Amino acid sequence: MTELVIHVQRPEDWAETMSIHVWDARPSGFSTHWPGLPMEPRGDGWFSIRLPGVQVARLVIHDGQGRQTQDLLRASNGWLTAGGTWVEDGPPAAHAMESSRPAVTRASRIDHSPRPVEERTDFREETIYFLLTTRFYDGDPSNSFFCRDRIQFDAQGQPIDPHWRGDFKGLIQQLDYIRDLGFTAIWITPPVENRSGLDYHGYHAYDWTRIDPRLESPDATYQDLIDAAHAKGIKIIQDVVVNHSCQYGIRGQVHIDHLPTKYYVPQGSEQGRVDHGPYQGNLGNYAWLGRDDIDNPVAPAWYRERQGTDPEGREPLVDPKTGETVPKPGYQPGRFFGIDPADLDPAWYHQEGFICGGDWESAHPLQNKHLAGDCIDLATERQNVKDYLIGAIKRYLDMGVDALRIDTVKHVERDNLLEYVNAWKAHKPGLFVFGENLVKGYGWGDLGGGDNGPSQIRPWWYTRLGHDPRDPLAGGDSGFPQLDFGLFSTFRDTVSRGTYAGTAQILSMDWIYGDVTQLVTFLQNHDVGPDNDFKYRFQGEQWMAAAAYNLIWTLRGIPCLYYGEEIEFMKGAPQDVEGERDTLAHTGRAYFGDHLEPGRIEQTQSHPLYRHIQRLNLIRRGIPALQKAPVTEVREWGGGMSFIRAHADSGSCAAVGLAIGQDQQIEIQGVRPGLYRDAVSGREIQSGGHLSVHVKANSAAIYVLDGPGKIGEDGPYLR
Ligand SMILES: [Ca+2]
Ligand SMILES: [Ca+2]
């Protein structure tokens, strides 16, 4: 009988109890939920546990009081001494455990931790969990903060669900949750200091050189998060905005003219009468003593003079632009909350006004006008802007950030943006940088596919170095892969309708990308979902999502899951606020942490999609071809599809069959002859070049040449 028996000697400074947390166990896929299983004391300082059905497992031993071993990988029975050394034969006093003595040879002894993050140099080995830090898990209520806009009130009129709620402390506490789900990288929203009426998401930067204090705690700084993630073998992907700043300028660099928010009084009201949750009296930042929204040392003297004084906003202030005096009820809201594009400092900002109408399908206005009233277009081609942004982000790379995700890529001209990307890659060789070039549609630009926009604003253009919008092959790989919005867009018409029909067509255009295996693939994210309007959390049946994940996890590209997908969180809700009265709780960005609390975590981790994604991650991690190989021999017929992934470097080769809606009998031609084992069912087939496989509805067959056999346990969708 297969069984792994582990004995551990309690270190003297540990508590009297010992537990074992197990994951990635083979062949059963067995795993425990933290804190895992209690180990049985033997009375001589040693603790033991038997793991039936397990040959190999990753594990951590801990005492439940914060002391624990590093991550261990164990493939044979063994005795772990208090000094941290594994012994095969056990201590002299081990006769009581005679029956479980290891029947193994010393040659089979395996004792090493998973490779540390710095040794995993090919990002295609990772899978990504994407979360909005402020909406994930609250570890420190004392740093939580309500934005000025979209405050939610309960029936008694009390403000609830602060926008800035989740934080680094909470994320550190939940790293084991993400690791248990099988992800090895976390993409967090921009952590730099923000400023706007609704800035909890991080895309309205005010100071790139500082981490927003609403994310940090004294014992959970950004550095602490990076270190804690690395200690668990998890990489951190930092989201970076290059294209724009917030509407107030950049601390220490440039000021954008406006009046201090605390002097704003709505029509028909009077100063001091604001009744808005924590914003009592006026709308200035309630967390700051002076109740100003900014503290910019380069603001003009008349502005700075009020930054630390007059928190109630009552002392008359002359608006230098108009000569009028505030506070004055109904006085131009735009002077407080808006900008005048004509007044912007040309050393920092573009001077061409706001994007509107047809600008969205035209490169120059898209890249040189302002995206929105709280996203002011930076003069990214100027050296001072480059020096500031590149220098600021280098610091985070030095702190250990493993990868970057670049926001609003199509709003910065490609060669200009590559200057930034390449500067960071030069600073940290091997750095993985990917971009967000949002397109709803195939995104082939001048290559057709019903695209109204030119190639120069489409994802493939940024993955290439050429300058011919009709010829991707005119230039090589830029080394700057993108989120795969093309594949995402097809999900509206494929998995959302219970079919794969049309998938082969999009895959036939894979050649346009610099390196298609580096694209980051997804079903949905904080901006979009695969529905007719591209704006709701996936609202299809659960089995449709499962079939989408089967495709994403076996196809080229690096899979990325948006927080909550694993439990169909806020299914069908708009990704962002939609109606005038929506608060975040109505959206796909609702607070997730309630599902991670002790009373609910078990339910969360037993959701069929949680188990499904967990197993897909386990399978993908075990098969290099799924991570890195090109996709060949693609066949697709609506109800199913098949393809081959053969990776030359590692020799790993997988033949994949997928079924959606109903069972499929799938014939896969052109496989390399040899013995294939299905990672899903464990079945073996000796093939002379052809595989005939039966795939159950919404399941997958993943036949691997000389493969490891079945990985993980069957669930409703992989069986
Ligand atoms: Ca908090
Ligand atoms: Ca721009």
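If the condition is being surrounded by fewer than 18 Cβ atoms within 10 Å (Cβ to Cβ) and over 16 Å from V240 (Cα atoms), then segment 207-220 contributes P213, S217, P218, D219. Q524 passes every criterion in (1) open to solvent by 20 Å² or more (accessible area, probe 1.4 Å); (2) under 23 Å from the mean Cα position of the chain (by Cα) apart from (1). Could you check, for segment 706-719, whether at least one of its residues is more than 28 Å from the chain's Cα centre (by Cα) and on the phi > 0 side of the Ramachandran plot? Yes, the conditions are met somewhere in segment 706-719.
Within segment 684-695, does at least one residue satisfy the condition of being in contact (Cβ under 8 Å) with a residue 60 or more places away in the chain and either under 34 Å from the mean Cα position of the chain (by Cα) or surrounded by 22 or more Cβ atoms within 10 Å (Cβ to Cβ) (or both)? For segment 684-695, residues in contact (Cβ under 8 Å) with a residue 60 or more places away in the chain and either under 34 Å from the mean Cα position of the chain (by Cα) or surrounded by 22 or more Cβ atoms within 10 Å (Cβ to Cβ) (or both): absent. Whether any residue in segment 464-484 is touching a Pro at 6+ places or on another chain (Cβ under 6 Å), assigned to a helix (DSSP H, G or I) and open to solvent by less than 10 Å² (accessible area, probe 1.4 Å) is what I want to check. No, segment 464-484 contains no residue that is touching a Pro at 6+ places or on another chain (Cβ under 6 Å), assigned to a helix (DSSP H, G or I) and open to solvent by less than 10 Å² (accessible area, probe 1.4 Å).
Among the candidates G233, G272, G281, G252, the residue that is more than 30 Å from E126 (Cα to Cα), outside the structural domain of T322 (by TED's automatic domain parsing) and either touching a strand residue (DSSP E or B) at 6+ places or on another chain (Cβ under 8 Å) or in contact (Cβ under 8 Å) with a residue 60 or more places away in the chain (or both) is uniquely G252.
Considering only residues in segment 151-170 that are crowded, with 20+ Cβ neighbours inside 10 Å and under 20 Å from T587 (Cβ atoms), the one that is farthest from ligand 2 (Cβ to nearest atom) turns out to be G170.
Do you know which of the residues in segment 642-694 that are of a type in the set (D, E) and touching a strand residue (DSSP E or B) at 6+ places or on another chain (Cβ under 8 Å) is nearest to A548 (Cα to Cα)? Quick ask: steps written out before the conclusion?
Start the filter on segment 642-694 by keeping residues that are of a type in the set (D, E), which leaves 649, 663, 667, 678, 684.
From what is left, the residues that are touching a strand residue (DSSP E or B) at 6+ places or on another chain (Cβ under 8 Å) are 663, 667, 678, 684.
Working: D663: 16, E667: 21, D678: 19, E684: 25 Å.
In this case the residue turns out to be D663.
Please find, within segment 432-463, the residue that is most open to solvent (accessible area, probe 1.4 Å) out of those that are assigned to a helix (DSSP H, G or I) and within 22 Å of Y420 (Cα to Cα). Of everything passing the filter in segment 432-463, Q456 is most open to solvent (accessible area, probe 1.4 Å).
Are any residues in segment 485-516 open to solvent by less than 10 Å² (accessible area, probe 1.4 Å) and either within 25 Å of Y420 (Cβ to Cβ) or among the acidic types (D, E) (or both), and if so, which ones? The answer is F485, G486, F488, I512.
Residue by residue, here is whether (1) open to solvent by 10 Å² or more (accessible area, probe 1.4 Å); (2) in a loop (DSSP other than H, G, I, E, B) holds:
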{"site": "I237", "(1), (2)": "no, no"}
{"site": "V242", "(1), (2)": "no, yes"}
{"site": "S269", "(1), (2)": "yes, yes"}
{"site": "P278", "(1), (2)": "yes, yes"}
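For segment 375-409, taking the residues that are touching a residue at least 40 places away in the same chain (Cβ under 8 Å) and among the basic types (K, R), the one that is most open to solvent (accessible area, probe 1.4 Å) is identified as R395.
The values are calculated or read from the model by the stated rules, or taken from the named source; none is laboratory data. All values reported here derive from a predicted model rather than from experimental measurement. With ideal geometry, Cβ positions are generated from the backbone for all residues, glycine too; neighbour counts draw on all protein chains shown. To get the accessible areas, we keep the full protein, side chains included, count just its heavy atoms, and leave off ligands, DNA and RNA. Shrake-Rupley method; radii C 1.70, N 1.55, O 1.52, S 1.80 Å.
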